[in-house]
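This report concerns only the one structure given below.
The values are calculated or read from the model by the stated rules, or taken from the named source; none is laboratory data. Just so it is clear, the model here is predicted, and its values are computed rather than measured. Neighbour counts run over all protein chains shown; Cβ positions are idealised from the backbone, glycine included.
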Amino acid sequence: MKLKLKKFKRGSILAFILVISVCLAIIGWGMLQMGFGSRVNSAISASRISAREAADAGIAKALYELNYNFDIYKNSDSWNEPAPGDDKLYNSKANYSYVISTYNYSSSGSTPYSGNYLIESIGTSGGESIKVCAVTGVRNSFGYAVIVTDQIELKEGSFIDGYDSNLGPYNVTTNSGIPVLVIGTTYAGDEYKIFLRNYVTVKGDVIVGVGGNPDEIIWDQATPGATTGPRYPMNESWEFETINVPDCGPSLGSLNKKDFTPDYTIGEPGVVTNVKYDDILIPNGGVLKIVGDVNLCVTGKLDLDQSAQLIVEDEPWSSVKIYLYGDLSVGQSALINNETKKPRNFWLFGTGTSPSFEKWTINNGGNYYGVYYGPNANITVKQSAVFYGSISGNNFTLAQSGMVHYDKDLEGVSQYDTGFGIDRWWEEIIP
């Protein structure tokens, strides 16, 4: 009996060991399968990552080719679209190929390269393929309502929107409320640089510098929020373009009180006039009239005393480009009066260089039609002025209830086109 029991126990142990062995074998096989599957999935993931990197490289190369051709053909009457391209991703077995085609192309543009282009780039690696598409648009130095390199402050009740002067003057019911492309700063740090006070309205997007966090840079006091568009970091760097100052000839010295009785005129109808002054000081009640097409270089400051005016005459040919090296001061009750009401007929270019910053101070309200472009200018508006056009500077402060109506017509001033950028993109995995 005891012998039979021992044999039974030995048989049970052997069966138990066999079962455990089978279980361990199954677990081992499962783990091998999991390891194999993980390696396969890892290989697929790595291939997809490499394919995506290659596709991105194709987008970058195609954009480079577009801008290379842009630099060549910008000042000519022709435009050659870049040919399809392909290459290898360096330090990788991945490859890419791309094609460039027109996309919602506008033949009514003012230049042969007007409109949008579609870049389709395919990256391949290890049997995996990914397609990245990007739609490009032409960039212009004056494609923004307000752009600065440091700080924007819009005080209580400020309002920003867009209109198109090609459709006539700004009109609340028929020609207004167009969402602006953007207001923003190129700053990308962790301090507040865009201050949107109570009751501010911005009909459009707000941007910060490449890699910046909008929540750390934009301080929005308005409820429920000042902006109607999204807030996001730039996807490409933005820098002020160098403005080429024309040869305005030898300086005529300073233009000041003794020259005004009370008016003084620069230019004549139908004629291009280039003139240079050390300083321009328009006295109390004085008027400086611009007639014809004028390039005005000022190596010092431009000062409008109380009740003074700088007037661009309302004639078809009247316009002025002021190249100002020093400060701008618009006194109480003074006004820069562009009677044509076309922003592209008044340009104020700040030509001063850093590390010093010019002070552009506007102490009076009124309507200001024009482009204010000061890479090193700190622009301060102390009354509820209304601007029609575009504003660029180092800093910009707009007084309570002030307004900026961006003129989309400025996007068509092709001489200030700077190249192509990416408006939007998307990704597709190719089966």
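A search for C-beta distances below 6 Å between a residue of segment 420-431 that is farther than 12 Å from GLU120 by Cα and any residue that is part of a strand (DSSP E or B) and of a type outside the set (Lys, Arg), counting only pairs 6+ apart in sequence or on different chains, returns PHE420/THR136; ILE422/ALA134; ILE422/THR136; ASP423/VAL135; ASP423/GLY137; ARG424/VAL135; ILE429/ILE130; ILE430/SER129. Does TYR187 satisfy the criteria of being under 20 Å from the mean Cα position of the chain (by Cα), in a loop (DSSP other than H, G, I, E, B) and crowded, with 21+ Cβ neighbours inside 10 Å? Considered against the rule, which asks whether it is under 20 Å from the mean Cα position of the chain (by Cα), in a loop (DSSP other than H, G, I, E, B) and crowded, with 21+ Cβ neighbours inside 10 Å, TYR187 comes out as no. Whether any residue in segment 357-364 is in contact (Cβ under 8 Å) with a residue 12 or more places away in the chain, under 24 Å from ILE178 (Cβ atoms) and either in contact with a Pro (Cβ under 8 Å, 6 or more places away or on another chain) or crowded, with 21+ Cβ neighbours inside 10 Å (or both) is what I want to check. Within segment 357-364, none of the residues are in contact (Cβ under 8 Å) with a residue 12 or more places away in the chain, under 24 Å from ILE178 (Cβ atoms) and either in contact with a Pro (Cβ under 8 Å, 6 or more places away or on another chain) or crowded, with 21+ Cβ neighbours inside 10 Å (or both).
Inside segment 92-120, residues that are part of a strand (DSSP E or B) and either among the aliphatic types (A, V, I, L, M) or touching a residue at least 40 places away in the same chain (Cβ under 8 Å) (or both) make up a count of 9. Residues in segment 223-244 that are assigned to a loop (DSSP other than H, G, I, E, B) and under 16 Å from ILE183 (Cα atoms): GLY225, ALA226, THR228, GLY229, PRO230, MET234, ASN235, GLU236, SER237, TRP238, GLU239, PHE240. Do we have any residue at all in segment 73-87 that's exposed (fewer than 15 other Cβ atoms within 10 Å of the Cβ) and either β-branched (Val, Ile, Thr) or assigned to a helix (DSSP H, G or I) (or both)? Looking through segment 73-87, none of the residues is exposed (fewer than 15 other Cβ atoms within 10 Å of the Cβ) and either β-branched (Val, Ile, Thr) or assigned to a helix (DSSP H, G or I) (or both). Kindly list the number of the only condition in (1) of a type outside the set (A, V, I, L, M); (2) touching an Asp or Glu at 6+ places or on another chain (Cβ under 7 Å); (3) not in a helix (DSSP H, G or I) that fails for GLU268. (2) is the only condition that GLU268 fails. When segment 201-222 is filtered for residues that are in a loop (DSSP other than H, G, I, E, B) and either touching a helix residue (DSSP H, G or I) at 6+ places or on another chain (Cβ under 9 Å) or without any contact (Cβ under 8 Å) to a residue 24 or more places away in the chain (or both), the ones remaining, listed by number, are GLY209, GLY211, ASN213. Residues of segment 371-393 that are in contact with a Lys or Arg (Cβ under 8 Å, 6 or more places away or on another chain) and closer than 18 Å to VAL245 by Cα: VAL371, ALA377. Please verify whether GLY123 is part of a strand (DSSP E or B), of a type in the set (Gly, Ala, Ser), assigned by TED's automatic domain parsing to the domain that holds TYR369 and touching a strand residue (DSSP E or B) at 6+ places or on another chain (Cβ under 8 Å), treating the condition exactly as stated. Against the criterion (part of a strand (DSSP E or B), of a type in the set (Gly, Ala, Ser), assigned by TED's automatic domain parsing to the domain that holds TYR369 and touching a strand residue (DSSP E or B) at 6+ places or on another chain (Cβ under 8 Å)), GLY123 does not qualify. Take TYR368 and tell me if it is touching an Asp or Glu at 6+ places or on another chain (Cβ under 9 Å), buried (at least 19 other Cβ atoms within 10 Å of the Cβ) and at pLDDT 90 or above. Here the answer is no, as TYR368 does not meet what is asked.
Among strands (runs of 3 or more DSSP E) entirely within segment 360-431, having at least 1 residues that are farther than 26 Å from GLY326 by Cα and among the acidic types (Asp, Glu) singles out 403-407, 417-430.
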